[in-house]
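Structure first, commentary second.
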Amino acid sequence: MRLVGRESRTERDQPGRLDAGPWPSTFLRTPDGDATLGGVSLCAIAGRFGTPSYVMDETDVRRRARAYKAALPDATIAYAAKAFLCRAMADWIRTEGLSLDVCSGGELALARSVGFPGERIIFHGNAKTPHELHEAVEYGVGRVVLDNLPEIARLAVLVPLGKRQKVLLRIVPDVLAGAHAAIRTGGEGQKFGLSLVSGDAATAVHQVLGQPGLELAGLHCHIGSQITTVEPFQEAARVMVRQLAHIRDTHGVVLPELDLGGGHGIAYLPGDHPLDPRHYAAAVTSTIHDHCTALGLPAPRLTIEPGRAVSGPAGITLYRVIVVKRQGSTTFVAVDGGMSDNPRPSLYGAPYTMSLIGRRTTPIKRRVTVVGRHCESGDVIAENVPMPADIHPGDLIAVAATGAYNHSMASTYNLTTRPPVIAISEGTARLVVRREAPTDLLSREVGL
Ligand SMILES: *Cc1c(COP(=O)(O)O)cnc(C)c1O
């Protein structure tokens, strides 16, 4: 059986070999029609914790973290918390020795709650509030990534006398990459970063170097998301190394760090080719090395910030089918979740792979559109996907690669309650984030 072979292969050579399609590396179909994740029956999980539920494979997350460390042993690997964060995840990232990117006071508070070391935190954001900057300095975050000119002085006044806050400058390298316009962040004419073209980047370098409370550790860029080839990263690296040389020539300082952001693509569909960390590492480090040599610069210490690539493939969502309805030429399969737990199809037209689990099915397939329960016709999970022709209410559906930007982007639209997060490790499932209850929603209602 194909998936058995995949599992034994992944077990054998620890990090690496995580390129086995959209399902987590420990996902297995069993002959009775069920499926297991990390050795635990998904039917049993649905029975015990209900649906919809996010299921995260801790083993798979840790393997992906280790694969990055193995590919780039001299770099800082900073997991981008916005992809998926809960206390358990922060703890896995901490114990794997990775750093953590946060971009809000909320993410920082969660990191603090598990004692995530401040020096391993990078604080991002294009509109950090003065209060958030204060909290970042107070907790002693290792790097603040400055995104605009006003926050240079705002941050500087918060640093206690005699101390220095390390900062990176987010530069717009004008490299366009990413699966959708909404997640292309490396070009001119979008809201992030300091423009080279307008001169803001040069002004920022000058201003930061003039602030005794700030230490300019290096440059940062993040060109987009769900990028599956290395060339855009190499192009960004070339632009950034040229800027490091330009800063040396202008100011006589050699900045020690270069942060190339995240955006590493994963497989959502069976034929997709994710960005391989080893391929990325080889291509990007040689590009940096060659350009630095040519410009007479020492190679900077590299930081990368994968989010989706660490958590995305490790998670699945379980839904229960509520209704199967034929309307016009389309068969709609409506489930007990939808755009409130996975807004990505309606936001970006993102595709997903799914499978009916929990029973033997007819081998005959028919094309269906899997939709959610929300009051929008755009509330789709996947259009025109093959499902067993005998799909009916009560069936369980597992959706692959929902470990990133699902839990973190979930809403309570229609006052539905957000799903729990179930973590799997060592053959057992445990609840790490409980299901939201209507009383949670009502507890915020403090007046009429
Ligand atoms: C979103 C983001 C990331 C992570 O992006 P992925 O596509 O999840 O890898 C990393 N760095 C910054 C600055 C980001 O905004």
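Which residues, counting only those in the range 238-257, are under 28 Å from the mean Cα position of the chain (by Cα) and surrounded by fewer than 18 Cβ atoms within 10 Å (Cβ to Cβ)? Matches in the range 238-257: Arg238, Pro256.
Of all residues in the range 45-87, those that are within 16 Å of the chain's Cα centre (by Cα), hydrophobic (A, V, I, L, M, F, W, C) and open to solvent by 20 Å² or more (accessible area, probe 1.4 Å) total 1.
Quick grid of which residues meet (1) acidic (Asp, Glu); (2) in a strand (DSSP E or B); (3) crowded, with 17+ Cβ neighbours inside 10 Å:
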position	(1), (2), (3)
Val385	no, yes, yes
Gly403	no, no, yes
Arg444	no, no, no
Gly447	no, no, no
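For Gly378, which of the numbered conditions (1) assigned by TED's automatic domain parsing to the domain that holds Pro24; (2) out of contact with any helix residue (DSSP H, G or I) (no Cβ under 6 Å at 6 or more places or on another chain) fails to hold? Gly378 satisfies every listed condition except (2).
Before we move on, is Pro270 more than 16 Å from the ligand (Cβ to nearest atom) and surrounded by fewer than 16 Cβ atoms within 10 Å (Cβ to Cβ)? Yes. Restricting Asp74, Asp147, Asp60 to residues that are farther than 26 Å from Thr26 by Cβ, in contact (Cβ under 8 Å) with a residue 60 or more places away in the chain and not aromatic (Phe, Trp, Tyr) narrows the list to Asp74.
When Leu110, Leu98, Leu72 are checked against the criterion of being away from the ligand (no atom under 12 Å from the Cβ) and touching a Pro at 6+ places or on another chain (Cβ under 8 Å), a single residue qualifies: Leu72.
So for the range 313-329 (the condition being in a helix (DSSP H, G or I) and either within 16 Å of the ligand (Cβ to nearest atom) or modelled with pLDDT of 95 or more (or both)), does at least one residue qualify? Among the residues of the range 313-329, at least one is in a helix (DSSP H, G or I) and either within 16 Å of the ligand (Cβ to nearest atom) or modelled with pLDDT of 95 or more (or both), which makes the answer yes. Of Glu215, Glu235, all but one fail to be assigned to a strand (DSSP E or B), open to solvent by 20 Å² or more (accessible area, probe 1.4 Å) and at pLDDT 95 or above; the exception is Glu215.
The values are calculated or read from the model by the stated rules, or taken from the named source; none is laboratory data. Keep in mind the model is a prediction, meaning the values are calculated, not measured. Here Cβ is always computed from backbone atoms with ideal geometry, including for glycine, and neighbour counts include all displayed protein chains. For the accessible areas, the whole protein counts, side chains as well, though only heavy atoms, and no ligand, DNA or RNA atoms are used. Shrake-Rupley method; radii C 1.70, N 1.55, O 1.52, S 1.80 Å.
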